[in-house]
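To start, the structure itself, in structure tokens.
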Amino acid sequence: MRSTRNVVKREPNPELGHYSDPPLLVLASLSGGPKHGHAMVEDIARLCGTRLGPGTLYGAIARLEGLGWIEPLEPEDRRRPYRITGEGLRIFRAKMATLQQFVKAGTERLEPL
Amino acid sequence: MNTMSARLLTRLYPRAWRQRYGSEFEALLLDGQGGLQAGANVVWSAIREHISPTQGGRMNQPSYSFLNLFKIPSAFIPVAMSLSALALVLVHIALYGVAREADEGATAHLWQLLMAGQLPVLAFFAIKWLPKAPRPALGVLAVQACAVLASMAPVFYFNW
């Protein structure tokens, strides 16, 4: 998964920065149910305060679809919803487990300070 | 974002990408607030897509529909030439009637040029598109053949 710098930001707290890994954010959004592009942008903004730019979002969608982690559904008008695949869900769970371990380890290191 | 800006920004992406995502991407741009930041984000992403195109999934299997293929110049130009030839014949009939003339006039020469001139374009289309997309290419060739027959029909019917 490629990291990203091209994110149109709307940060709730500029000092804390924002989480920015568009493919993971797209997987997180789609794990809550199928969505089209605009709904994903809004959902991700609610999730973590990051507002993905349209190019960044579709860069992530194209790559995730190429990997078979998400799949397109029938278009509604011109908007096409996507849903996460079984493989995508497995990857998302694995990534979340890694992040949980990271959070746990980081929190433990912070405790004595 | 307005329709014109959305269309222009989408045109920055490579053709294969646009064929797959163009329509829905344009819809997303129209839904969004737009602005300079979003525009810059699209420009930068389009440049990256040119440098490092998306691989895999449906990007490697471009879907050519009949209508997509018909928008290609080598598909519609022969049809336009045949229809022009037919229009020439019909205008000639309207002006001068159906009587056979002793000498071939300018209309006949133009008709011959239009009919012969489309042959290399037809051949180019068949060679290029039949292996890539046989079914829609055959559909386009059928339309081209119908247009040719339509323009030739009056000539044979009136035994010119």
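Being surrounded by 21 or more Cβ atoms within 10 Å (Cβ to Cβ) and either out of contact with any helix residue (DSSP H, G or I) (no Cβ under 9 Å at 6 or more places or on another chain) or among the aliphatic types (A, V, I, L, M) (or both) narrows it down to one of A:L99, A:L57, A:L73, so name that one.
Values: A:L99 fails: surrounded by 21 or more Cβ atoms within 10 Å (Cβ to Cβ); A:L73 fails: surrounded by 21 or more Cβ atoms within 10 Å (Cβ to Cβ).
Just one listed residue meets the conditions, A:L57.
Please indicate, with yes or no, whether at least one residue in region A:85-103 is under 23 Å from B:L30 (Cα atoms) and over 13 Å from the mean Cα position of the chain (by Cα). Outline the logic, then answer.
Taking region A:85-103 as the starting set, the residues that turn out to be under 23 Å from B:L30 (Cα atoms) are none.
No; the residues of region A:85-103 include none that is under 23 Å from B:L30 (Cα atoms) and over 13 Å from the mean Cα position of the chain (by Cα).
Quick one: in region B:10-37, which of the residues that are in a helix (DSSP H, G or I) and more than 8 Å from chain A (Cβ to nearest Cβ) is surrounded by the fewest Cβ atoms within 10 Å (Cβ to Cβ)?
Of the residues in region B:10-37, the ones in a helix (DSSP H, G or I) are B:10, B:15-31, B:36-37.
When the remaining residues are screened for being more than 8 Å from chain A (Cβ to nearest Cβ), the result is B:10, B:15-16, B:18-19, B:22, B:30, B:36.
On the way: B:T10: 23, B:R15: 10, B:A16: 15, B:R18: 17, B:Q19: 17, B:G22: 16, B:L30: 17, B:L36: 7.
Among those that are in a helix (DSSP H, G or I) and more than 8 Å from chain A (Cβ to nearest Cβ), it is B:L36.
Across region A:42-65, which residue is nearest to B:Q37 (Cα to Cα) among those that are of a type outside the set (K, R) and facing chain B (nearest Cβ under 7 Å)?
Initially, region A:42-65 is screened for residues of a type outside the set (K, R), giving A:42-45, A:47-50, A:52-62, A:64-65.
Then drop every residue that is not facing chain B (nearest Cβ under 7 Å), which leaves A:53-56, A:58-59, A:62, A:65.
Details: A:G53: 8, A:P54: 10, A:G55: 11, A:T56: 12, A:Y58: 16, A:G59: 16, A:A62: 21, A:E65: 26 Å.
Restricting to residues being of a type outside the set (K, R) and facing chain B (nearest Cβ under 7 Å), the top hit is A:G53.
For region B:26-33, does any single residue satisfy the condition of being touching a Lys or Arg at 6+ places or on another chain (Cβ under 6 Å) and at pLDDT 90 or above?
Our first condition is that a residue be touching a Lys or Arg at 6+ places or on another chain (Cβ under 6 Å); within region B:26-33, this holds for B:27.
This time we only want the ones that are at pLDDT 90 or above, so: B:27.
Within region B:26-33 (the criterion being touching a Lys or Arg at 6+ places or on another chain (Cβ under 6 Å) and at pLDDT 90 or above), the answer is yes, since at least one residue qualifies.
Among the residues of region B:136-152, which ones are surrounded by fewer than 17 Cβ atoms within 10 Å (Cβ to Cβ) and free of Cβ contacts under 8 Å to residues at least 60 places away in the same chain?
The answer is B:L138, B:A142, B:A145, B:C146, B:L149, B:M152.
In this structure, does B:W111 turn out to be under 30 Å from B:Q19 (Cα atoms), among the aromatic types (F, W, Y) and not in a loop (DSSP other than H, G, I, E, B)? Let's see the steps before the verdict.
Values: under 30 Å from B:Q19 (Cα atoms): no; among the aromatic types (F, W, Y): yes; not in a loop (DSSP other than H, G, I, E, B): yes.
The answer is no for B:W111.
Name, by its number, the condition in (1) within 13 Å of another protein chain (Cβ to nearest Cβ); (2) modelled with pLDDT of 95 or more that does not hold for A:E74.
In the conditions (1) within 13 Å of another protein chain (Cβ to nearest Cβ); (2) modelled with pLDDT of 95 or more, A:E74 misses (2) alone.
Look at B:A80 and say whether it is modelled with pLDDT of 90 or more and within 9 Å of chain A (Cβ to nearest Cβ).
Values: modelled with pLDDT of 90 or more: yes; within 9 Å of chain A (Cβ to nearest Cβ): no.
Judged against the criteria, B:A80 is not a match.
The values are calculated or read from the model by the stated rules, or taken from the named source; none is laboratory data. What you see is a predicted model, and the numbers here were worked out from it, not measured in a lab. Cβ atoms come from the backbone with ideal geometry, glycine included; neighbour counts cover every protein chain shown.
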